[in-house]
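Student: The structure under discussion is supplied below as structure tokens; questions concerning it will follow.
The values are calculated or read from the model by the stated rules, or taken from the named source; none is laboratory data. Because the structure is a prediction, the values reported are computed rather than measured. Positions of Cβ are generated from backbone atoms using ideal geometry, with glycine treated the same way; all protein chains shown enter the neighbour counts. Accessible surface is based on the protein model in full, side chains and every heavy atom, while ligands, DNA and RNA are left aside. Shrake-Rupley method; radii C 1.70, N 1.55, O 1.52, S 1.80 Å.
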Amino acid sequence: MTSPERKLAAMELAQRARVASRALAASTSDQRARALRLFADQLGSPEVASAIAAANEADLRAAAAAGKNAAFIDRLRIDGKRLAALATAVRDVANLPDPVGEVVEHSVRPNGLRVDRVRAPLGVILMIYESRPGVTSDAAALCLRSGNAVLLRGGSEALQTSSVLLEACQRALEAAGLPEDAAQIVPPDRQLLDEMLQLEDSIDLCIPRGGPSLIRFIAERSRIPVIKHYQGVCHLYVAPDADLDLAARLTVDGKAERPGVCNALECLLVDAQIASDALPRIAGAVRARGVELRADERALRILGSAAIPATADDFGKEFLDLKLAVAVVDGIEGALGHIARYGSRHTEAICTKDGELAERFLREVDASCVVWNASTRFNDGGELGLGAEIGISTSKLHAYGPMGLRELTCTRFVVRGEGQVRK
């Protein structure tokens, strides 16, 4: 495809989405909810399950042939259990309260004007993501429920699986009397994406989630407003008074249950006052799950052969694998300083019995989600009551943390009068 052809293709996709967004704005909440329930039914049908199984197997074979690691393969896989979870998530989104039209504020001005601040769809959203085909389903459901058209630009490694998911969604849209163009796949062509990023008049918001190089490319090239869903360099600080059995459980759950996700634990910080007792106990628990420990100099003196020396790059790194950076810190100040230097503003956790210490940590750490005595894995839209999420924003405007339905709307003013004029 030539550059002019890519430009035309990008404009056509965006314009079709814009037209569809106007139809969504005119649709009812019940109509959009019905489309999602039909989509969930599609995902639960034997025909779609068979098609997804075949498509996903082809994507997995290609990824294995390309030498992708186990964590990458895990993110790519859609087995029967995960497909059922996708269908449940879509149905849950359909059942959530519709934010569109919600009156956030109401006032009556001295001149009698009735002023409402009301939630409204953003319009057209360009969603860019890598290797997780389940995002296709979640993002489509959330955007459609909140009245937005969505352009889904997944990675080439998941294209066959994502295409089957999108086709199921489009069939549901058609059956509900809504335009198929409300959800479209953007071919995985970097130059085509570059053209789309220039269409600020047709696309209202760009949401990239993926690795640093992808986020950097989007942020540098886009003329469309961007909400970054950046990497998750998540820490757990084990304070001097921590319950060490709890600290071990939090570490195992955060690191070993699903290491390839953005809310997985990537760095363990242990207070120097308890490091000699805490580190061997926690290390034993995570090493039993196959986790490799990469320890700083102070931690290595305690762990010995149970760890390997950390390199400078191991701190501030999103491993997405069974690898965990470990450091010994001096008190809450040391933990806060380490997180400020190496954290990615995703999820940070503290294990302590001291409520005052915990409140200081929760107050001073700059992250989209801060956690006391619970796993970092709870920074998730479903776990926090949002239903499925489109991702976890590490930007602060206009959303910070998991983005559910409300985060996919803006607010506008609706003014009702009885002939009032300024003069």
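Residues are listed down the side, and each one gets a yes or a no for (1) closer than 19 Å to residue 260 by Cβ; (2) touching a Pro at 6+ places or on another chain (Cβ under 9 Å):
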site	(1), (2)
274	no, yes
277	no, no
291	yes, yes
300	no, yes
304	no, no
309	no, no
316	yes, no
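Student: Please verify whether residue 108 is modelled with pLDDT of 95 or more and among the aliphatic types (A, V, I, L, M), treating the condition exactly as stated.
Tutor: yes
Quick grid of which residues meet (1) assigned to a helix (DSSP H, G or I); (2) over 21 Å from the mean Cα position of the chain (by Cα); (3) buried (at least 20 other Cβ atoms within 10 Å of the Cβ):
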site: 126; (1), (2), (3): no, no, yes
site: 136; (1), (2), (3): yes, no, yes
site: 140; (1), (2), (3): yes, no, yes
site: 144; (1), (2), (3): yes, no, yes
site: 168; (1), (2), (3): yes, yes, yes
site: 174; (1), (2), (3): yes, yes, no
site: 202; (1), (2), (3): no, yes, yes
site: 213; (1), (2), (3): yes, no, no
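Student: Right, something else. Against the definition (aliphatic (A, V, I, L, M) and touching a strand residue (DSSP E or B) at 6+ places or on another chain (Cβ under 8 Å)), how does residue 53 come out, yes or no?
Tutor: So residue 53 fails the test.
Student: Is it the case, given these coordinates, that residue 183 is open to solvent by less than 10 Å² (accessible area, probe 1.4 Å) and touching a residue at least 60 places away in the same chain (Cβ under 8 Å)?
Tutor: For residue 183, the condition - open to solvent by less than 10 Å² (accessible area, probe 1.4 Å) and touching a residue at least 60 places away in the same chain (Cβ under 8 Å) - is not met.
Student: Across the stretch 363-401, what is the total count of residues that are surrounded by fewer than 18 Cβ atoms within 10 Å (Cβ to Cβ) and hydroxyl-bearing (Ser, Thr, Tyr)?
Tutor: Looking only at that region, the number is 1.
Student: If I ask for residues that are in contact with a Lys or Arg (Cβ under 8 Å, 6 or more places away or on another chain) and open to solvent by 30 Å² or more (accessible area, probe 1.4 Å), which ones from the stretch 150-166 would you list?
Tutor: 157
Student: OK, next. Hey, among the residues in the stretch 215-262 that are free of Cβ contacts under 8 Å to residues at least 40 places away in the same chain, under 20 Å from residue 403 (Cα atoms) and among the hydrophobic types (A, V, I, L, M, F, W, C), which one's surrounded by the fewest Cβ atoms within 10 Å (Cβ to Cβ)?
Tutor: Restricting to residues being free of Cβ contacts under 8 Å to residues at least 40 places away in the same chain, under 20 Å from residue 403 (Cα atoms) and among the hydrophobic types (A, V, I, L, M, F, W, C), the top hit is 219.
Student: Being among the basic types (Lys, Arg), open to solvent by 40 Å² or more (accessible area, probe 1.4 Å), touching a residue at least 60 places away in the same chain (Cβ under 8 Å) and out of contact with any Lys or Arg (no Cβ under 9 Å at 6 or more places or on another chain), is that true of even one residue in the stretch 67-84?
Tutor: Yes: one or more hits.
Student: Looking at (1) within 30 Å of residue 417 (Cα to Cα); (2) open to solvent by less than 40 Å² (accessible area, probe 1.4 Å); (3) not polar (S, T, N, Q), which is the only condition residue 117 fails?
Tutor: In the conditions (1) within 30 Å of residue 417 (Cα to Cα); (2) open to solvent by less than 40 Å² (accessible area, probe 1.4 Å); (3) not polar (S, T, N, Q), residue 117 misses (2) alone.
Student: Okay, next question. Restricting the search to the stretch 350-372, which residues are more than 25 Å from residue 396 (Cα to Cα) and in contact with a strand residue (DSSP E or B) (Cβ under 8 Å, 6 or more places away or on another chain)?
Tutor: 351, 352, 357
Student: Still on this structure, please answer the following. Return only the number of the condition from (1) under 22 Å from residue 243 (Cβ atoms); (2) touching a Gly at 6+ places or on another chain (Cβ under 9 Å); (3) surrounded by fewer than 18 Cβ atoms within 10 Å (Cβ to Cβ); (4) in contact (Cβ under 8 Å) with a residue 24 or more places away in the chain that residue 341 does not satisfy.
Tutor: (1)
Student: Based on this model, can you work out whether residue 377 counts as free of Cβ contacts under 8 Å to residues at least 40 places away in the same chain and of a type in the set (Lys, Arg)?
Tutor: So residue 377 does not fit the description; no.
Student: Can I ask one more? Failed condition for residue 59, given (1) loosely packed, with under 14 Cβ neighbours inside 10 Å; (2) in contact (Cβ under 8 Å) with a residue 12 or more places away in the chain, with all others met?
Tutor: (1)
Student: Regarding the stretch 25-32, can at least one residue be identified that is surrounded by 16 or more Cβ atoms within 10 Å (Cβ to Cβ), in contact (Cβ under 8 Å) with a residue 40 or more places away in the chain, of a type in the set (D, E, K, R) and farther than 25 Å from residue 175 by Cα?
Tutor: No, the stretch 25-32 contains no residue that is surrounded by 16 or more Cβ atoms within 10 Å (Cβ to Cβ), in contact (Cβ under 8 Å) with a residue 40 or more places away in the chain, of a type in the set (D, E, K, R) and farther than 25 Å from residue 175 by Cα.
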